[in-house]
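Following: one structure in structure tokens, then a few remarks.
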Amino acid sequence: MKIDSHHHFWNYDPVAYSWIGDHMAQLRNDFTPDKLLAETQKAGIDGVISVQASQTLDETDFLNNYAKQHDFIKGVVGWVPFADPDVEKYIERFAEEPKIIGMRHVVQDEPDDAFILGKAFNEGISHLKKHELIYDILIYERQLAPTIEFVDQHPEQVFVLDHIAKPRIGDGLLSPWKEQIHELAKRENIYCKLSGVATEADWSKWTEDQLLPYLEIALEAFGPTRMMFGSDWPVALLAIEYSQWISIVDKFASVLSESEKALLWGEVAVQAYGLKI
């Protein structure tokens, strides 16, 4: 089974999705299951994981409702207010839903790069393990150092790193991202999504050769047993079409054995998130 481990849905609302700026005009549309299904069927993708794109409880319910209606949606990574004193009651409620498999906070947009080390935030994170929920880490490269400290505070929690930690591809820089992602990958409780790469380059001028070193370094760091494919549709459409990203990853993975390819394309996602397929 091939799994797209990272995509979004939304019915566009300028308040709920205020992060979609004027330079992202093409994302100011509705992106619904029927649109994604058309892409996945063409690409031979069997199932997907829906990830939050707005930080509200309503968003988590919205994605979960879609998952209940569509079998190809295998799991949902939602959002809860981690720093809220009552966060565990929200986590408990969502953990009862069969397709809610994890939670995420948009740490990349926090003005304090050390936000992820906040006491209240970490107290909220500590409740996930007992409810068998994964935490997706969404950061920029500059937040990797505090993220390593963060992961060390939760050695029993399973983490998934989104978008290979968003290196500065547009600037052509490998360091310090290369060194830090290798350090982070030493923690065996963290997986990595091969997703959201082209959008970290120049949206209109990137080349496959420009992306390749970052894919190679991420694979070196995590290995095929902890790396999973993701599209980041529809955000990725700012720089790349769904089928084009599939083609790039397929070519990149050609050096892997058949069993390693199976891990990248689906088995790692199934294992990490405990998908019921």
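Please treat every number below as a calculation from the coordinates, not as lab data. This structure is a prediction, so every number in the text was calculated from the model and none was measured. Don't worry about glycine lacking a Cβ; one is built from the backbone with ideal geometry, like all the others, and counts go over all protein chains shown.
All of Ala16, Ala38 fail the test of being surrounded by fewer than 17 Cβ atoms within 10 Å (Cβ to Cβ) and either outside any strand (DSSP E or B) or out of contact with any strand residue (DSSP E or B) (no Cβ under 6 Å at 6 or more places or on another chain) (or both), apart from Ala38.
If you go through the range 242-277 and pick out every residue that is in a helix (DSSP H, G or I) and surrounded by 15 or more Cβ atoms within 10 Å (Cβ to Cβ), you end up with 22. Count of the range 84-128 residues, restricted to those that are part of a strand (DSSP E or B) and either surrounded by fewer than 16 Cβ atoms within 10 Å (Cβ to Cβ) or among the charged types (D, E, K, R) (or both), is 1.
When only residues in the range 44-63 that are assigned to a helix (DSSP H, G or I), under 17 Å from the mean Cα position of the chain (by Cα) and not β-branched (Val, Ile, Thr) count, which is farthest from Pro33 (Cα to Cα)? The selected residue is Glu59.
The number of residues in the range 56-69 being in contact with a helix residue (DSSP H, G or I) (Cβ under 9 Å, 6 or more places away or on another chain) and surrounded by fewer than 18 Cβ atoms within 10 Å (Cβ to Cβ) comes to 5.
None of Lys178, Lys166, Lys193 is charged (D, E, K, R), in contact with a helix residue (DSSP H, G or I) (Cβ under 7 Å, 6 or more places away or on another chain) and at positive phi except Lys166.
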